[in-house]
Amino acid sequence: MKLKKSKKGSGLILVIMMFAFLSIVGMAFISMSLSSYKLRAAKSNAKTGLYGAESGIDEAYGIIGNKVDESIKKGNNEVDIFMNELSEDLISAKKKVYEVQKKNNYNNLSENDVKGIIDEIEEGKNYRYLGDIKSCIKLEKHKLKENGKEKTYVKLYLDDNKVSQCQNNIFKDTYTENILQENKDKSYSDDEMIPILKEISNCRFEMDKNKPNINAEIAIGNDKYINLIKDFNDDYLNKLKQNKKIPIRINSKFKYKGVNKQVKADYIINIPPYNKSYYAKEDNQIVHKNPVFMKAISIDGSMNIGGKVDIDGDVFVKGNNEKVDKGIIISGTENNFKGNVVTNKDFKIKSPGSNCTVIGNIFANNVLLDKYAQKSILRVEKKDENKSGNVYTQDDLEIDANSSKTEIQGAYYGLNNGDKSTDAGSSSSININAVQNGKVTCSLEVKGKGSIIMGTAYADFEKDSKKYQTGESVAVKGNYRAYSIPSDKNPFSEYIFDYYKLIADDKTDLVVGLISKDGSSKNLNAFEKSKYFEDIVSSEDYKSIFNWDGINVNGVSCIHLGAIYSKENDKVTTSTSASSDNFIIDNLGVVSEKIQEFNTQVYNMGEKINSMELLSSSKKTVDTQLDKIDNITEIDGKNVVILRKGNITIENGKLKLNDKDLEINNKNALIIVDGDLNIKGNLNFKGTLIVKGNLQIENGASLTIKYDENVVRSLISQNYGKLKNVFKNNSEEIFDTLNKTQFDMDGHSDIVLNNLIQMKNWKIIK
């Protein structure tokens, strides 16, 4: 029997063979994939390391960029300091040269004379760039005709090329030194790294908890690279400036997961020129003095003070308005004036509890403490020993306020001669009406010597529409009863009493007999009445009924027409300078001098006038000194020039313009208003205020002005093009000459950072 072959187990063998084949192929694929992964991971780590190293280069660029930006600002700032110093020195030099020329009657000055004047000005000035300033100022001479006379002026001006050169050098020096030294005045140790290099080298940032290592060095051309202060000297710094470049080499290393990468690059920092041009504008016009801008306040209308004022400078108020109260009307509680206070009308304190101090002189038609001004105080204090602390009136000093106090440290000058006057307004005197129950309820002290009282008081009695003229230069209400008492000591044999009706608030019909004539029916003049008054009040029979308590006018060297009370010897004295025929002044020159002062201040706005007789109309006012006023507003930092037509209001130091508020407070300001000015809230500035109409300071408001001639000079000079037609040139005196230098910058100071920092020689070291 033939056996069959068995095929059992062959499939298993085949499966095993296939599985082995697949395993071998699979392992090969896995091995290839693993190798590929490791290669990609290595490349990734290398790239990350490169990025880290390159980031160090970028960080260095950021540090350098910030330092360059800072250095540009400091360079510009130093140039600004130089230009400010240059401007100040030029203005001071021009002013001084002009003063010397004027003193020498414009005699020709040599170049050496002018340089000597400039050197004298600069002595003691702590200018940072004094040497540069001197090199920039030049001079030339030119002749001008004024009032038919030829005068030689020295014109100081700037050398534009030299100014530009100085600007450029100052900017470059500051720029370069700030980049490299940060603080050139700081003391560094020799082994200390150059500041900017130190900042770059110390720069650290984390990337996957790893930090780059950055080294920075400086080199010039083929010179070795340095990074320490000991290797850095002035020669090195000068070479950098000459080459106009600062090369900084950066080496940045970064290790990431065992992979080290290093990148090198050179940054070239260019040293730019100063590119902010200036324009020095010279206006050869001569600015003549104008009285309106020589004062803190000039007003044609009245000044009504409902709040507070603090004025450092002269004040002029014409009082030309339609109101009942004209002049300077004070209703506020606290008012201080440092300078002369001048008005063609009345200086009047009107409200109770007012406290007013004038450090200077008062010039007015009348000085009044109104009956409603109870408990008010008026002090007139000396600004200097000889020229202030005085009160000048064309009419009277009158005190009607109970419990008030008036103190005049200087003298009182009542200048209207009452010898042959026919009305109270033509006879100056001191009138005390603050009297109750026969007692004086106020105080008055005139401390200074040499007062002048040219007239006598008029009592409130009337006959034929004329008031009764007394014989008292210092009159107290009620003391007029002396003229109703017959005197046995009078040299006249007979006396004639005329009957006068009392003018009183209650319109009483009381009629009083007052002595008017002697026995021959001759009218008694003021001097003769003063003698009569002296006899009566000196009598033991009548002495006790008269009262001068609280009233003290220094009688030493006093010139007076009528009787005055002397506290020193407790008696009434009459004039020794008058006769029964005429009022003869022994010191006529002294009186004429005071009249001239009064006319100068009141009628000519402070500019000298030669009239020896009291004037009745003004020669100069705000209106006569101003010409064309348009709406002009100029703002330059802290400097403000405002011209406005019509009536305006300034509230809390702000003027509303086209729905915007212009801030004036704490600035230098020239304000001119062709109308009324109303002040609400607080207004304070340095400069001058000129108003054609009235000035109203509301209740609760305050006005503070400090007059500074240099500030006003600068404001006018800088804006002369727009102001030259505003002020009339009707004075021979010059306020400013050729002092119109304006420094304007073109504003194009931007320097593109990318143009200043260039990268070169970027290279992967490893």
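Laboratory data are not the source of any read-out in this text; all were calculated from the coordinates shown. What you see is a predicted model, and the numbers here were worked out from it, not measured in a lab. Every residue, glycine among them, receives a Cβ derived from its backbone with ideal geometry; neighbour counts consider all protein chains shown.
Kindly write out, for segment 241-254 in residue order, the coupling ³J(HN,Hα) from the Karplus curve 6.51 cos²θ - 1.76 cosθ + 1.60 (θ = phi - 60°), rounded to whole Hz, with x marking Gly and Pro.
5, 5, 6, 6, 9, 10, x, 10, 9, 10, 10, 10, 10, 8
Evaluate segment 414-600: find the radius of gyration of its Cα atoms, find its Kirkwood radius, and give the ratio Rg to Rh.
Computed over Cα atoms, the ratio is 0.95.
Exceeding 25 Å between C-alpha atoms, which entries from my cross-link table qualify? They are K338/K728; K295/K594; K289/K692.
The pairs that break the limit, which is 25 Å between Cα atoms, are K338/K728.
How large is the charge dipole for segment 549-694, taken about the Cα centre, if only the Cβ atoms of Lys, Arg (+1) and Asp, Glu (-1) carry charge, to the nearest 20 debye?
520
Could you rank the peptides 409-421, 468-480 by their average count of other C-beta atoms within 10 Å per residue, with the highest value first?
468-480, 409-421
Can you compute the charge dipole magnitude of segment 414-600 about its Cα centre, using +1 on each Lys and Arg Cβ and -1 on each Asp and Glu Cβ, nothing else charged? Give it in debye, rounded to the nearest 20.
In total the dipole reaches around 180 debye.
Longer than 27 Å from Cα to Cα, which of K138/K244; K134/K383; K67/K760; K95/K241; K345/K680; K74/K724 are they? Say none if no pair is.
Among K138/K244; K134/K383; K67/K760; K95/K241; K345/K680; K74/K724, the Cα-Cα distance tops 27 Å for K138/K244; K134/K383; K95/K241; K74/K724.
Mind ranking 671-677, 325-331 by how tightly packed they are, going by the mean number of other C-beta atoms within 10 angstrom, highest first?
By packing density, highest mean first, the sequence is 325-331, 671-677.
Amide H neighbours of V440 under 5 Å, at least 5 residues apart or on other chains, H built in the peptide plane: list them.
So V440 has HN proximity to D549.
At a 10 Å Cβ-Cβ cut-off, how would you order V537, V342, fewest neighbours first?
Arranged by neighbour count, lowest to highest, V537, V342 become V537, V342.
Taking neighbour counts of Cβ atoms within 10 Å as a proxy for exposure, in what order, fewest first, do H288, H560 appear?
Taking fewest neighbouring Cβ atoms as first place, the list is H288, H560.
Residues with amide H under 5 Å of V358's amide H, sequence separation 5 or more or different chain, H placed in the peptide plane at 1.01 Å from N; which?
The list, which skips near neighbours in sequence, is F337, R379, V380, E381.
Provide V317, V97 in ascending order of the number of other Cβ atoms located within 10 Å of each residue's Cβ, fewest first.
Starting with the residue having the fewest Cβ neighbours, the order is V97, V317.
Could you sort 626-632, 195-201, 267-273 so that the peptide with the highest average Cβ count within 10 Å comes first and the rest follow in order?
The densest-packed peptide leads the list: 195-201, 267-273, 626-632.
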